[in-house]
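*Asks:* Quick one: the structure is below, questions incoming.
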Amino acid sequence: MTQVRAFVLTTLAMIAFAGNSLLGRAALRETDIDAATFTAIRLMSGALVLWLLVNARRTSASGQGSWLSAFALFIYAAAFSFAYLGLSTATGALILFGAVQATMISYGLWQGDRLRLLQWLGFLLAFGGLVGLLLPGLTAPPVTSSALMLTAGVAWGCYSLRAKGAGDPTRVTAGNFARSVPFTLLLSILMLGNFSLDGAGAAYALASGAVTSALGYAVWYMVLPALKSATAATVQLSVPVIAAIGGVLLLSEPLTLRLVLAGVAILGGIGLVIFEKRRAGAL
């Protein structure tokens with residue numbers, strides 16, 4: 001794969017990941033769709049598109065997903081949707097991304113990874129930024145919505161960790177999306193009293209599932225082998241930034257000083273952990 005193609009595909013994947021936050025927030029703020037229905041349409045449309053992609057490829061690659069990974073995927077998607085009932089696009093993306101990275105770094109420590117001094121400083125800086133964002137105050141995000149997005153981040157971190165070495169990423173993701181459908185249908189039944197749907201909300205949910213989720217993941221897995229692991233981790237720092245810019249430009253959301261400072265601390269701290277790991281590996 002040429003460098004130009006890798007750059008273009010990587011950029012598209014990051015825009016797609018940020019697009020999930022934009023579409024989720026827009027749907028749950030500006031349309032009548034309820035969070036459970038948004039989750040159901042997103043996962044079912046994603047499962048359908050991924051199934052079509054897998055069958056179109058007709059390769060002999062292995063991988064089929066698992067029920068435990070599918071449940072983690074469902075928890076992420078459901079908590080993500082309900083969280084965006086009360087969070088701005090930028091705040092939600094920042095909390096989500098911080099929780100995902102914290103989960104994966106913490107798992108590495110539990111497995112025996114050793115952080116260097118600068119990595120510990122970066123980890124503490126990121127954690128401090130997340131705490132600072134969530135501390136009570138006039139501009140603090142709602143507690144319940146923040147807790148739900150933290151849950152979504154932890155679930156996605158667990159899902160990502162389980163996906164390593166599970167087989168062909170696209171096939172595994174397709175299997176997990178398909179297995180998540182019964183969970184989301186059960187949620188929809190439990191939340192039937194809150195059912196609400198309109199055309200715009202359904203369109204946002206379909207776009208989130210079929211395009212920014214299914215096609216976004218497919219593009220990311222296509223380009224991932226061409227990227228070094230440190231590079232792949234680093235470029236994902238752009239997702240909350242893209243989401244924040246999109247929220248300001250497309251949804252007219254305010255960009256508060258608290259959010260900017262927390263974002264610099266969280267993304268800067270995580271970046272320090274990643275960069276120092278890459279530097280240490282080169283020594």
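Every number here is computed from the coordinates shown, using simple stated rules; none is lab data. Bear in mind the structure is a predicted one, so any value in this text is a computation, not a measurement. Every residue, glycine among them, receives a Cβ derived from its backbone with ideal geometry; neighbour counts consider all protein chains shown.
*Asks:* Would you be so kind as to identify which of TYR84, SER21, GLY63 lies farthest towards the positive end of the dipole of region 1-116, taking Lys and Arg as +1 and Asp and Glu as -1 on Cβ and the Cα centre as origin?
*Replies:* Among TYR84, SER21, GLY63, the one farthest towards the positive end of the dipole of region 1-116 is GLY63.
*Asks:* Neighbouring Cβ atoms within 10 Å as the yardstick, rank ARG162, ARG179 fewest first.
*Replies:* So the ranking, lowest neighbour count to highest, is ARG162, ARG179.
*Asks:* Now for a different question. With n ≥ 4 as the cut-off for DSSP H runs, can you work out [θ] at 222 nm for the chain, using -39500 (n - 2.57) per run divided by the number of residues, rounded to the nearest 500?
*Replies:* My calculation for the chain gives -25500 deg cm²/dmol from helical runs alone.
*Asks:* Still on this structure, I have one more. How many percent of the alpha carbon pairs in region 127-191 exceed a separation of 17 Å?
*Replies:* Of the Cα pairs, 61 percent sit more than 17 Å apart.
*Asks:* Using the number of other C-beta atoms within 10 angstrom as an exposure proxy, rank LYS228, LYS164 with the fewest first.
*Replies:* If I rank by nearby Cβ atoms, fewest first, I get LYS164, LYS228.
*Asks:* Now a separate question. In debye to the nearest 20, how big a dipole does region 72-201 give about its Cα centre with +1 on each Lys and Arg Cβ and -1 on each Asp and Glu Cβ?
*Replies:* Value, rounded to 20: 360 debye.
*Asks:* Need one word for region 19-147: rounded, prolate or oblate. Basis is the Cα gyration tensor (sqrt eigenvalues a ≥ b ≥ c); a/c below 1.5 gives rounded, then a/b vs b/c decides.
*Replies:* Verdict is oblate for region 19-147.
*Asks:* Got a sec? Charge dipole of the chain, +1 on Cβ for Lys and Arg, -1 for Asp and Glu; which of ALA126, PHE38, PRO169 is way out at the positive end?
*Replies:* Projecting each Cα onto the dipole axis, the largest value belongs to PRO169.
*Asks:* While we're looking at this one, here's another question. With labels modelled as points extended 7 Å from the Cα through the Cβ direction, what inter-label distance (nm, one decimal) is found for LEU261 paired with THR234?
*Replies:* 2.9 nm
*Asks:* Can you run the Rg to Rh ratio on the chain? Use alpha carbon positions and the Kirkwood inverse-distance Rh.
*Replies:* 0.96
*Asks:* Here's something else I'd like to know. For the chain, build the charge dipole from Cβ charges (+1 Lys, Arg; -1 Asp, Glu) around the Cα centre, then report which of GLY112, ALA200, MET222 sits farthest towards its positive end.
*Replies:* GLY112
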